[in-house]
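Written out below as structure tokens is the structure these notes cover.
The values are calculated or read from the model by the stated rules, or taken from the named source; none is laboratory data. Predicted, not measured: the structure shown is a model, and the values here were computed from it. Glycine gets a Cβ as well: all are built from the backbone with ideal geometry, and neighbour counts include every protein chain shown.
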Amino acid sequence: MSNLRTLNYDAIVIGGGGAGMRAALQLTESGVKTACITKVFPTRSHTVSAQGGITCAIASADPNDDWRWHMYDTVKGSDYIGDQDAIEYMCQVGPQAVYELDHMGLPFSRTEAGRIYQRPFGGQSKDFGKGGQAARTCAAADRTGHALLHALYQGNLKGGTTFLNEWYAVDLVKNKDGAVVGSIAICIETGETVYVRAKATVIATGGAGRIYQSTTNALINTGDGVGMALRAGFPVQDIEMWQFHPTGIAGAGVLVTEGCRGEGGYLINCDGERFMERYAPNAKDLAGRDVVARSMVLEILEGRGCGPKKDHVLLKLDHLGEETLMAKLPGICELSKTFAHVDPVKAPVPVVPTCHYMMGGIPTNIGGQALTIDADGKDTVIDGLYACGEAACVSVHGANRLGGNSLLDLVVFGRAAGLHIEKSLRDGFNVDDATEDDITNALARLTRLNNSTGGESVATVREDLQSCMQLYFGVFRDGESMKKGLKLLDEIGARVKNTNLEDKSSAFNTARIEALELDNLYEIAYATAIAAEERKESRGAHARNDFTERDDENWLKHSIYFPATKSVGKRDVNFSPKTVEAFPPKVRSY
Amino acid sequence: MLVSLYRYNPEVDKTPYMQDIEIEIPEGKDLMVLDVLELLKAKDPSVAYRRSCREGVCGSDGLNMNGKNGLACISSLSEVGLKGKKLVIRPLPGLPVIRDLVVDMSMFYKQYEKIKPFLINDKPAPAIERLQTPEEREKLDGLYECILCACCSTACPSFWWNPDKFVGPSGLLQAYRFLADSRDTAQAERLADLDDPFSVFRCRGIMNCVSVCPKGLNPTRAIGHIRNMLLQRST
């Protein structure tokens, strides 16, 4: 049926956030004919909401800082299922990526020496955990994501990147060999559907925090790229690993940065007790995010929560003084007044663990090439497909991401994917064209929706999906209750396939987009549920009441979820960094 | 609560119209205007508007609420109040409407691009960051925080009149952000680009931009600085 217009590029980047724009910049600057397809104007991407900073051993706060210490922290933070070769790469090339951002114009806060200001963040140490708390997170006040995203957009304007702004990628197009040869996309403004052909397709669509009811994520975080990959039959890795950020504003879900605790803020329960001293005697409020989030939930479950419903705890900042708060955390003061009706200068902020980050995603190698597993259990590159940023699982975050590592991940691996594509195109990489049938296949979902004549409202099904995930797959998990959740998800799945698009109009039809987004949310929620039930241990963000211990014998592994069979396999974690000795698994305490 | 909503679907409507919709507001919560729009959209999915971060940092949902521009996600009902017993929601004024509350922002973005919104430095980059003192960096405060929501430029009568030639408050705030950056070496070139009767000097100091900026920024002050720099340059 395909009489679609075709747009031709050498490379397309789907997603205009930090990772996508860093990849697009790399490609454009190296002369690869590239388009960045983004469903929102680039500076509306969720990277804009990152607050605290970008963690990197640039040795500003501490002249003796060492990227290996950062690597150690990241491996430990990942609860040992982060790939050590990828973590090594990120921590080692990180400084260069951060300096590039400064050269691009990012207005970092400064030290008296004129260097980039760095603040302490959770899980950071000096000297491989032996030298006390480090200050390694480079910051632009508490608006680092905003500053970074705008600087990247500005860099792309300077470089002349082609943007398809407010275009929505629907599904990947695969050729007869199973290689990815571009994507179906809708121009939201006009409603026109086109085939965007490319030799290399980069998925940089970010996370999918909107599978949960309570999330710090933007409304646009529906995991479109990961949903597309799953529908195309490609696996996802460690997708059960969802980070719950300790400090979402209770009720609103809006994030207040870990930098609050980095600058000296701390959590208290209804007795006014600084309870993290009990759970993490050394790092206290700056323990890993998973540790702090679980401790908060335990305080609440044991009746020491605050407020009339005792359903949250408090983040105390007022002792830092107005001057520090206004200089270091101005955005937080603003958000807290708007969403909690609390001025942090005067009173503590009500906070609760809130879904924040998807550690899992499309498995890739360091060059951003998407991977699948062949019949013999070996890694195989998917021709034409790349992923970077939160949508990818390279994996530098393993079972728990350290604060400030996501922004570093974006720029380091966005750049790496760009470099890899540039080289592979230069080496003559090519793919066979898609046939009419291939394109029709990729259009199936859109066709179904455009021909729908009845069915359920998208908003209702989405709400039920979110509350199911919140209830059965949250901070603490349990085999029996996850089975219940899975049964419910099966029912919701049938409803997702039967949503109705009442309004079939073309121009800026956001109802069509929301219906397509729901499919992606569901793909990821379902994969999360299956993988979470399968991983029978507690590790990092995955905490089970029925398997409370880490099980290195069976689960020092990546989980890998295959959509065709809805089953979970295991993939080896990399313990072979190139320039340092591997860090062997240890008991993880803070 | 009664909401009066600007509606226009180019495929159906000959002209835009205001639609009155009665909506039930959950008690005991001071909703944001965006929450109200989400409630409306759950009832009628054809309502179109932009939104993303829902916390006032992405700049997607600049709208005109009861006659004043602002971000729907951080404008609470108690704050915007009612106008003649209604909450009146319209698109940002002065730009072409694509559908309902969605405006065509290309003219706004074009003005932004015109001021070369990127750091220019003709000296080779050092192996580390370009050093900048805290005092030099402080000059960027109140400038770099702009979220490009267009609330200011679409509240500016001079921009309404000359959207093609007057850079407008948002673009000029960014122009000054780069003029004020100690790491930028293109000051002379930037000023030369702005030195015409329209780009800067169509600002009449009306200060609507200051009164509506959801981030509390002050484009008029930045424009004043640019004027001074232009005047100094010509003497």
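Note on the stretch B:101-134: residues that are buried (at least 20 other Cβ atoms within 10 Å of the Cβ) and either more than 8 Å from chain A (Cβ to nearest Cβ) or more than 27 Å from the chain's Cα centre (by Cα) (or both) total 8. Among the residues of the stretch A:305-342, the one identified as within 19 Å of B:V57 (Cβ to Cβ) and more than 14 Å from every other protein chain (Cβ to nearest Cβ) is A:L325.
Within the option set A:V412, A:V431, A:V396, A:V352, being farther than 30 Å from A:D73 by Cβ and either in contact (Cβ under 8 Å) with a residue 40 or more places away in the chain or touching a Lys or Arg at 6+ places or on another chain (Cβ under 6 Å) (or both) holds for one residue only, A:V431.
Looking at A:T453, A:T460, just one residue is more than 14 Å from every other protein chain (Cβ to nearest Cβ) and more than 17 Å from A:A527 (Cα to Cα), and that residue is A:T453. Based on what the data block shows, is A:A507 within 14 Å of another protein chain (Cβ to nearest Cβ), surrounded by fewer than 21 Cβ atoms within 10 Å (Cβ to Cβ) and either of a type in the set (A, V, I, L, M) or closer than 30 Å to A:G82 by Cα (or both)? Criteria met by A:A507. Considering the stretch A:367-393, the residues that are touching a helix residue (DSSP H, G or I) at 6+ places or on another chain (Cβ under 6 Å) and surrounded by 22 or more Cβ atoms within 10 Å (Cβ to Cβ) include one that is nearest to A:G209 (Cα to Cα), namely A:A391.
When the stretch A:110-142 is filtered for residues that are out of contact with any Asp or Glu (no Cβ under 7 Å at 6 or more places or on another chain), polar (S, T, N, Q) and in contact (Cβ under 8 Å) with a residue 60 or more places away in the chain, the ones remaining, listed by number, are A:Q118, A:Q133, A:T137.
Taken over the stretch B:24-69, the criterion of being more than 14 Å from chain A (Cβ to nearest Cβ) and either surrounded by 14 or more Cβ atoms within 10 Å (Cβ to Cβ) or touching a residue at least 60 places away in the same chain (Cβ under 8 Å) (or both) is satisfied by B:I25, B:V36, B:L63, B:N64, B:M65, B:N66, B:K68, B:N69. Out of A:I439, A:I421, I need the residue that is buried (at least 19 other Cβ atoms within 10 Å of the Cβ), over 24 Å from A:G145 (Cα atoms), under 27 Å from the mean Cα position of the chain (by Cα) and of a type in the set (V, I, T). Which one? When all the criteria are applied, what remains is A:I421.
Within the stretch B:1-30, being aliphatic (A, V, I, L, M), touching a strand residue (DSSP E or B) at 6+ places or on another chain (Cβ under 9 Å) and in a loop (DSSP other than H, G, I, E, B) holds for B:M1, B:I23. Here the condition is being under 17 Å from the mean Cα position of the chain (by Cα) and at pLDDT 95 or above; of A:V196, A:V202, it holds for A:V202 alone.
Name the one entry in B:A188, B:A222 that is closer than 30 Å to A:Q118 by Cβ and out of contact with any strand residue (DSSP E or B) (no Cβ under 7 Å at 6 or more places or on another chain).
Just a single option satisfies the conditions, and that option is B:A222.
Filtering the stretch A:539-554 to residues that are in contact (Cβ under 8 Å) with a residue 60 or more places away in the chain and either outside any loop (DSSP other than H, G, I, E, B) or aliphatic (A, V, I, L, M) (or both) leaves A:R539, A:A541, A:H542, A:A543, A:R544, A:D552. In summary, A:T257 fulfils each of the numbered conditions (1) modelled with pLDDT of 95 or more; (2) in a loop (DSSP other than H, G, I, E, B); (3) in contact with an Asp or Glu (Cβ under 7 Å, 6 or more places away or on another chain) with the single exception of condition (1). Listed conditions (1) at pLDDT below 95; (2) surrounded by fewer than 19 Cβ atoms within 10 Å (Cβ to Cβ); (3) polar (S, T, N, Q) are all met by A:T338, apart from (2). Take the conditions (1) closer than 30 Å to A:A287 by Cα; (2) crowded, with 22+ Cβ neighbours inside 10 Å; (3) of a type in the set (G, A, S); A:A347 misses just one of them, which is (2). The set of residues from the stretch A:187-228 being within 14 Å of another protein chain (Cβ to nearest Cβ) and either part of a strand (DSSP E or B) or of a type in the set (A, V, I, L, M, F, W, C) (or both) comprises A:C187, A:I188, A:T215, A:A218, A:L219, A:I220. Considering B:L217, B:L179, B:L231, the condition of being of a type outside the set (D, E, K, R), under 30 Å from B:K123 (Cα atoms) and touching a residue at least 12 places away in the same chain (Cβ under 8 Å) is satisfied by B:L179 alone. Being without any contact (Cβ under 8 Å) to a residue 12 or more places away in the chain and either more than 30 Å from A:R550 (Cβ to Cβ) or of a type outside the set (A, V, I, L, M, F, W, C) (or both), is that true of even one residue in the stretch A:1-11? Yes, the stretch A:1-11 contains at least one residue that is without any contact (Cβ under 8 Å) to a residue 12 or more places away in the chain and either more than 30 Å from A:R550 (Cβ to Cβ) or of a type outside the set (A, V, I, L, M, F, W, C) (or both).
Among the residues of the stretch B:80-100, those that are within 14 Å of the chain's Cα centre (by Cα) and closer than 22 Å to B:L39 by Cβ comprise B:P91, B:L92. Assess whether A:A529 counts as being away from chain B (no Cβ under 14 Å) and assigned to a helix (DSSP H, G or I). In short, yes.
So that you can scan it fast, the table gives a plain yes or no per residue for (1) in contact with a Pro (Cβ under 8 Å, 6 or more places away or on another chain); (2) among the hydrophobic types (A, V, I, L, M, F, W, C); (3) on the phi > 0 side of the Ramachandran plot; (4) modelled with pLDDT under 95:
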position: A:A134; (1), (2), (3), (4): yes, yes, no, no
position: A:L148; (1), (2), (3), (4): no, yes, no, no
position: A:Y153; (1), (2), (3), (4): yes, no, no, no
position: A:A169; (1), (2), (3), (4): no, yes, no, no
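Would you call B:R137 modelled with pLDDT of 95 or more and more than 14 Å from chain A (Cβ to nearest Cβ)? Judged against the criteria, B:R137 is not a match. Of all positions in the stretch B:144-165, none carries a residue that is outside any loop (DSSP other than H, G, I, E, B), touching a helix residue (DSSP H, G or I) at 6+ places or on another chain (Cβ under 6 Å), within 13 Å of another protein chain (Cβ to nearest Cβ) and closer than 30 Å to A:L329 by Cβ. The residues on offer are A:K158, A:K126, A:K130, and the sole one that is at negative phi and within 14 Å of another protein chain (Cβ to nearest Cβ) is A:K158.
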